[in-house]
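Working notes for the structure below.
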Amino acid sequence: MAGKDKPVRYFREEDAENRPFVTRYYNPGTHHGALAMPQFMVDELEDHVIPGEG
């Protein structure tokens, strides 16, 4: 339910809502949750590395 040519944050929410299969485990909320990062990872990705910095 994601696209090859789209960023990871993009997802076809309407397709997930109207999925052609029955499931008790999947919904758009679980899809969004799977892409959530814990705070330590957000912090690490925001920290810019300077070459030569130890």
* To do: Assess whether residue 42 counts as being open to solvent by less than 80 Å² (accessible area, probe 1.4 Å) and at pLDDT 85 or above.
  => yes
Within segment 24-46, the residues that are farther than 15 Å from residue 12 by Cβ, in a helix (DSSP H, G or I) and not aromatic (Phe, Trp, Tyr) are 33, 39, 41, 42, 43, 44, 45, 46
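The values are calculated or read from the model by the stated rules, or taken from the named source; none is laboratory data. In this text the structure is predicted, and so the values were computed from the model without any measurement. Reconstructed Cβ throughout: ideal geometry from the backbone, glycine too, with neighbour counts over all protein chains shown. Quick note on the areas: whole protein, heavy atoms, side chains included, nothing else; ligands and nucleic acids left out. Shrake-Rupley method; radii C 1.70, N 1.55, O 1.52, S 1.80 Å.
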